[in-house]
Each structure stands twice: as structure tokens, then as C-alpha cells.
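Only one structure is covered here, and it is reproduced in the block below.
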């Protein structure tokens, strides 16, 4: 989807839910925002819709990818072959926080879709930073678990911008709702000021 006449200001502390039908431009807007944040040298944790994983590698290695740019090539190669006990403990802790206890050594290709999505969330939590960007980051888990994971993201990151499909999740997470329709911004308001009817109009 090509965005038309879209201009968005993001403020520190915003928790934004992007809503709209499939193809409305949410993923395109997220990509554009990531490009701008990279240019600004912000530390951004990204949760892509396709999870962005190397299937043959373990959950540990896929989570540790969130920290690769913190280290040099030699250190990263060493971690690939022989992770330290402290690195394993650090990753195990964050995997535990998303309900994946004792799966750190399992290849992600052997995990379910919901488990893979939680690995992607764990990678973002380990990376940390000032902003998290997520494209349907809890779509593959049940609603209760999704709510807990969104709470974890809200606690870890000062600023978050997530494309979501579940309205209840959006209203739980967001301080601000941005609704897209046909490549344009049709709604931009504080979550407390947005009615469900206005949200449903995005899908009409």
C-alpha cells in the first residue's frame, strides 16, 4: 500500500496502536517510521510480522540476535559456537518472561507459530531501547497471553508503535490510536477519546 499525504509526529512516551483493514498501510507506515528512527540513530526493537528468524538456529540464538550490533564480529561468532553461561542465563530469563521456559536450545523451526512469535517478542525485550515497533506482535497467541505480552512491552519500552488487529488489545496498550484507511490517516486521537464506533468505521 502506498501512503498518501501521511505525516505523523511521534513523541517520547507515546504508545500508539495502528488500526485498519489489511492493506490499509499499517506495515508501510511502520517501515517508514523505522527508517526515520534508524536515521536518527535511535535504538529500536523491531517485531516483524514474519518474526525475522533463522529457522535452523535455536531460540537462544534468535533471541540473542537482538544484541548482535552491541558486539564485534569475533564475539558474535564465538556466541554462535559457544555461548557463555551468563549469555544463556540472560536469554533464559527473557524467554521465561514470555512463557517459554527451557526452550532456549530448541531450533525455532520446531516451535509452533505462537512460540515463534514469543521468541520474536523475547528478542525485542532483550534488545531494549527507546522504541519498540511491532507488526501484529501478538496475533498468534491467545487473548489473555497477548494482553500479558503487551503489558510486558509497555513496561520495557518508553515508546511503542504497534500495528494490531484486536481492538481490545489496542485500547489496553495504547495511549493514542492512529487509524489508517486506503493509505491515509483517517483517525489520530488519544485512546481515551476514541469510540468503538469510530474504530469500526476504519473497517467499513
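A few points about this structure:
- Hey, residue 178 part of a strand (DSSP E or B) and in contact with a strand residue (DSSP E or B) (Cβ under 9 Å, 6 or more places away or on another chain) or not: yes
- Test: residue in the stretch 2-10 that is loosely packed, with under 13 Cβ neighbours inside 10 Å, outside any helix (DSSP H, G or I) and in contact with a helix residue (DSSP H, G or I) (Cβ under 9 Å, 6 or more places away or on another chain): yes
- Helices (runs of 4 or more DSSP H) wholly inside the stretch 31-123 containing at least 1 residues that are closer than 18 Å to residue 137 by Cα and touching a helix residue (DSSP H, G or I) at 6+ places or on another chain (Cβ under 6 Å): 59-64, 85-97
Readers should treat all values here as calculations from the given coordinates under stated rules, not as data from a laboratory. Small disclaimer: the values here were computed from a predicted structure and weren't measured. Neighbour counts run over all protein chains shown; Cβ positions are idealised from the backbone, glycine included.
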